[in-house]
Amino acid sequence: MCGGLDAKQNGAMKPNERDRETPYVPAAIALRRLDLERARAIVDGTAGDDAMWAEDYPMPGDVEAAQLLLRRAGDGEDEGPFGMYEIIEIATGAVIGGVGFHRPPNENGLVEIGYGVVPTRWDQGFGTEAVEEAVELAQRNGARVVRARTEPTNVGSRRVLEKAGFSFLALDEEFATYEIDISL
C-alpha cells in the first residue's frame, strides 16, 4: 500500500508499464531477518541504539517468536530462509511487527507462517504485504503450500489472509485455517 491508500485509489502507475491498467504499489514494508542480537533485544524489551520500534512494539507474539528463535539457535537448529523476520515500515524505518515460519517445509512442501502487526499500524495494508512477501520467500525456496492459522474471531487477520490470496480450509474451536498453493 502506498501511504495507506490502495493503488486503485491513488492511481500510481509503474513507469513504462505495458499494461497501463495495472496498478503499481510501491513497497511500504521491508522484511529483515531476525538475528540473535535483535531477538535478545526483543525479549529484553530494549530497542538498542541502531533500532527504531513503533511505540507499541514488541507485542507478546514478537517476544514469543524471539524466545523461540533463541531456543532453537541454542539447540543448533538452522532454519535457513525459513526463519523469523521483522516487518520494517519503510516510511519511518520503525519495526512494526513480525512474520515468520514455524518450521522449514515438511516432506510435502508445506510450511506454516505466523504474523502480526502492531495495532497502531492496522488497516494500512502492512499485514497483507508482509504475508505476501513471506509467501514469495517460501516459493523462492522450494515450499509448495503455505498455511496460516488465526483465531476464528480475528476478522482482520482472516481478511489479511484472504487479500493475500489464501483460501479458507477449515474451522474449529481454536483456529480458522487458510492455505495457498504456490507450487505453480
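The values are calculated or read from the model by the stated rules, or taken from the named source; none is laboratory data. Values in this document were obtained by computation on a predicted structure and should not be read as measured data. Positions of Cβ are backbone-derived with ideal geometry, glycine not excepted, and every protein chain shown enters the neighbour counts.
Each row is one residue, and each column tells you yes or no for (1) touching a Ser or Thr at 6+ places or on another chain (Cβ under 8 Å); (2) surrounded by 21 or more Cβ atoms within 10 Å (Cβ to Cβ); (3) at pLDDT 95 or above; (4) among the β-branched types (Val, Ile, Thr).
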{"site": "Glu89", "(1), (2), (3), (4)": "no, no, yes, no"}
{"site": "Pro105", "(1), (2), (3), (4)": "no, no, yes, no"}
{"site": "Thr120", "(1), (2), (3), (4)": "no, no, yes, yes"}
{"site": "Glu129", "(1), (2), (3), (4)": "no, yes, yes, no"}
{"site": "Ala138", "(1), (2), (3), (4)": "no, yes, yes, no"}
{"site": "Ala170", "(1), (2), (3), (4)": "yes, no, yes, no"}
{"site": "Glu173", "(1), (2), (3), (4)": "no, no, no, no"}
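Does Ala73 satisfy being surrounded by 23 or more Cβ atoms within 10 Å (Cβ to Cβ) and small (Gly, Ala, Ser)? Spelling it out, it is not the case that Ala73 is surrounded by 23 or more Cβ atoms within 10 Å (Cβ to Cβ) and small (Gly, Ala, Ser).
Of all residues assigned to the range 109-117, at least one qualifies as being at pLDDT 95 or above and part of a loop (DSSP other than H, G, I, E, B). Filtering the range 141-184 to residues that are assigned to a helix (DSSP H, G or I), of a type outside the set (Gly, Ala, Ser) and in contact (Cβ under 8 Å) with a residue 24 or more places away in the chain leaves Val160, Leu161, Lys163. Filtering the range 28-52 to residues that are surrounded by 19 or more Cβ atoms within 10 Å (Cβ to Cβ), within 16 Å of Val118 (Cα to Cα) and either over 16 Å from the mean Cα position of the chain (by Cα) or hydroxyl-bearing (Ser, Thr, Tyr) (or both) leaves only Ile42.
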